[in-house]
1. Search segment 171-212 for residues being assigned to a helix (DSSP H, G or I) and aromatic (F, W, Y), and hand back the single one that is surrounded by the fewest Cβ atoms within 10 Å (Cβ to Cβ).
2. Only one residue in Q271, Q234, Q218 is more than 28 Å from M373 (Cα to Cα) and assigned to a helix (DSSP H, G or I), so which one is that?
3. Could you list all residues from segment 776-794 that are of a type outside the set (D, E), in a loop (DSSP other than H, G, I, E, B), closer than 24 Å to R688 by Cβ and touching a residue at least 24 places away in the same chain (Cβ under 8 Å)?
4. Restricting to segment 841-881, count the residues that are of a type in the set (F, W, Y) and more than 20 Å from Y908 (Cβ to Cβ).
5. Out of curiosity, is R496 part of a loop (DSSP other than H, G, I, E, B) and assigned by TED's automatic domain parsing to the domain that holds M260?
6. Out of all the residues in segment 247-268, which are surrounded by fewer than 21 Cβ atoms within 10 Å (Cβ to Cβ) and among the aromatic types (F, W, Y)?
7. Tell me the residue from A492, A467 that is crowded, with 23+ Cβ neighbours inside 10 Å and either over 16 Å from I220 (Cα atoms) or touching a Lys or Arg at 6+ places or on another chain (Cβ under 6 Å) (or both), please.
Amino acid sequence: MHRLRTTVVRLRPITAPQTAKSQSQARLAAVGGALRTFQPMRSYTASVSAEPFLNGTSSNYVEEMYYAWLENPRSVHKSWDIFFRNANAGAPPGAAYHSPPLAGAALGLANAQAMVGVQPNVEKLVEDHLAVQSLVRAYQIRGHHVAQLDPLGIMAAIDPGPPPSDIITSNDKLEFYGLDESDLDKVFRLPTTTFIGGSESTLPLREIIQRLEMAYCQSIGVEFMFINDLEQCQWIRQKFERPGIMQFTLEEKRTLLARMVRSTRFEEFLQRKWSSEKRFGLEGCESLIPALKTIIDKSSMNGVESIIMGMPHRGRLNVLANVIRKELDQIFCQFDSKLEAADEGSGDVKYHLGMWHRRINRVTDRNITLSLMANPSHLEAVDPVVQGKTKAEQFYCGDTEGNRVMSILLHGDAAFAGQGVVYETFHLSDLPSYTTHGTIHVVVNNQIGFTTDPRVARSSSYPTDVAKVVNAPIFHVNADDPEAVMYVCNVAAEWRATFHKDVVVDLVCYRRNGHNEMDEPMFTQPLMYKQIKKQKGVLQKYAEKLIAEGAVTRQEYEEEIAKYDKICEEAHARSKDEKILHIKHWLDSPWPGFFNMDGQPKSMTSPSTGLTEEELGHIGHIASSVPVEDFTIHGGLSRILKGRAAMVGQRVCDWALGEYMAFGSLLKEGTHIRLSGQDVERGTFSHRHHVLHDQNVDKRICIPMNHIAPNQAPYTVCNSSLSEYGVLGFELGFAMASPNALVLWEAQFGDFHNTAQCIIDQFICPGQAKWVRQNGIVLLLPHGMEGMGPEHSSARPERFLQMCNEDPDAYPVSEFAVRQLYDCNWIIVNCSTPANYFHVLRRQILQPFRKPLIVFTPKSLLRHPDAKSSFDDMLPGTHFQRLIPDSGPVCEKPDGVKRIVFCTGKVYYELTRERKNRGMDNTVAIARIEQLSPFPFDQVKVETDRYRNADLVWCQEEHKNQGYYDYIKPRLRTTVDRTRPVWYDPASFTHRGRYQ
């Protein structure tokens, strides 16, 4: 038989719960028994002659057939295919062969006689080859469990249980695979699912084991066999199994040493100067700095021009100094005890801030932009923010494959395993509208979270197991082996450039100090920290290694240290200059050209947000048509589009059409719009329908909004995964990249924002004060007490209002329309008309600065017959109305009005209906406060002065301790200079509320 080259081998490792001896005996018996009872069919003689068996060459013949079967199971007769499969699976004696289902098959006597005569050495040959296959695969699957990953040698980084028993670590375990010491010098053919042979196709078993140990059980542990892509698995095998892979040039070693010097001496300098300051230093994982620089160098070599990074606080100052290359004096001045909380750039602790820097990469001589995102102590919260900003930069530069812009995320081991947003972010990695085409994750695995060790902090063996959900390879590496770290990071960067998928580098290290420099770790981890106190620093160990090799001299090493120490001292002297601190040094997302040189808006005026009649008509026509030929839409949708066309003809719009007008006009003016969230394409309440689906052709869609004008900006509308935390963080990051885009996130129901509360509390609400950056993200939160229960119906407006930075007891003296907006931390509105919703969306882009916008959107008003707006309210010269006054009969005789009811949102329509039913049109005025924050003091004052004899009432449908009342009451009292009481009444026409 012709021998074929093997390309694919998939053999299951032997893992049945038996002793090694009984396992071996059972398998030997199975093979022998199967061979002795094997009765090949007559049809077999047509394709394979039995003559070699009769000539005494059966052993070689079976070997040839076995190799052919490895290449292609169909190349041998079905009988042999069944035999090899069952024998490999550990079939009991006599059970490996089963007759294939061929009708009319007869037994060949000669063949049966030949098989009975098979010699025992054939049984041993087949068994040994199968054993070697299983052995190779076992190392590939589980070799990382016995790799030397822990610098401390206490194995706290992984499952504290014993290592897998089927990994060979000494000769006495050969029995597990039915092998013994006599087999160590036998030569075996290597399958093509291993590259340990290099250019050799056969190796002695002793050499096979030695090479597998070198590949999988040293300073690097590789998890990849769960990946269901053969090409990717083969790629990884080549990177780690080929002999002599970790060879570095003299120049590479010297560069690595210099980077280790900077990383280590930076931390030591901070410790000398500010020993009592918290800084969350990197001691114990100093190799992180050369790791990141290696990833950046390799990525730059592959064409990457911009890298967005996110990380926790540990090691942030070191990364800022030695990776991003932030000026050292800017870092050191943050330790100044005279720095006030109100100073620029001091809204949060120094180890939370970020920056943006464009520089030359010295290894590749190419420009590269590095951005480290600011983030709070809420661990992993920055992950989706980084991904969103990365996606935006890729989008705006046309990088559809992620070749020019990429992200790096750093994690702590405990947070990586414990924080659910990590899983949410991973699940976005391959979604079409969210993918960033691969992220490199670096885990600083110091084997402890605050004071909690892994045994009570996670249920998985590794903190990185969550990455398996997206088939990301995981490279564990001993952080005290800098060359192994460098190699792994090179491979990770190549993986990302080759496959554009996520990859994880797990730096197994330790934390030399406590959680911060002021903690005492011996309280809770006495044994670990006894070992750490004896641990020689990684820089010292690596320097001694290179000196012993002759790569550097001791004098050169000491000169490198002195050189960097001098740099730090000079920067420290400069940091005492009071003029050195400036906001621009802490911006992670600058917007070139949007502000003046001093960071102020170019204008403080707000232009009209209206449109011409022609523009409204044109956009209305697009919204009510299907601008693609031969496209079949649903019958119900046809009626909706006809209804829209009828409204356009009548010059009115409902909520959905008002939104369409705002979006379409901004797109026509060149503003990119991105709307994201669960079910946003159709709209939760089936009102939007921005994506049309052909009813006859699968996956054929039409987005009419992208047919507004020839040179319009693109419109992105995308249903998200069932996530709020991760997706809102992603959209926030997207909005950071450019001020010239309208980025909106819509909650399926308003109360669902509560699972994204961290993003709202830590990023959106305090963004400008805390992170010295503006952001124009829009949150659309459906709200209305309409039978879904008191919590599911409510978007919790009280929470947003509670976080406003406005003083309720001070009547503003500045210009209201624009200055109030500029001074606030965010804008909160509850519109009652489609026209006002239209205007507030356009204002969000046309105003000269960016503030987050929170919109409590309606549910019942989406189709309410009275909740429609005329085109007249949207024409040039019209604006967003912060307050809509009563325009009914009460205006004729304001002195006769007994009560003015202030309200917001849909309750207005219920109040007007009740007022009419009770005949109170002349005695009760109703004013709608459309913009809740910043509060329209000036316009409220106009109304209270007009109805000077009227009682002041606030009406809402929410419970008294919810909704708007606690926010509105002090502001109303400030407006009237506390001369009139403010009543609360949830039903102001049925009973008189009590004075408050």
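1. Among those residues, the one meeting the criterion is F176.
2. Being more than 28 Å from M373 (Cα to Cα) and assigned to a helix (DSSP H, G or I) holds for just one of Q271, Q234, Q218, which is Q234.
3. Within segment 776-794, G776, I777, H783, G784, M785, M788, H792, S793, S794 qualify.
4. Residues that pass the stated criteria total 2.
5. When the stated conditions are applied, R496 does not pass them.
6. F248
7. Exactly one residue qualifies, and that residue is A467.
The rows are residues; the columns are (1) surrounded by fewer than 18 Cβ atoms within 10 Å (Cβ to Cβ); (2) within 26 Å of K541 (Cβ to Cβ); (3) at pLDDT below 95.
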site: G412; (1), (2), (3): no, yes, yes
site: F426; (1), (2), (3): no, no, no
site: G438; (1), (2), (3): no, no, no
site: S460; (1), (2), (3): yes, no, yes
site: P482; (1), (2), (3): no, yes, no
site: D506; (1), (2), (3): no, yes, no
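The values are calculated or read from the model by the stated rules, or taken from the named source; none is laboratory data. Everything quoted here is computed from the prediction, not taken from an experiment. We place every Cβ from the backbone using ideal geometry, glycine too, and count neighbours over all the protein chains shown.
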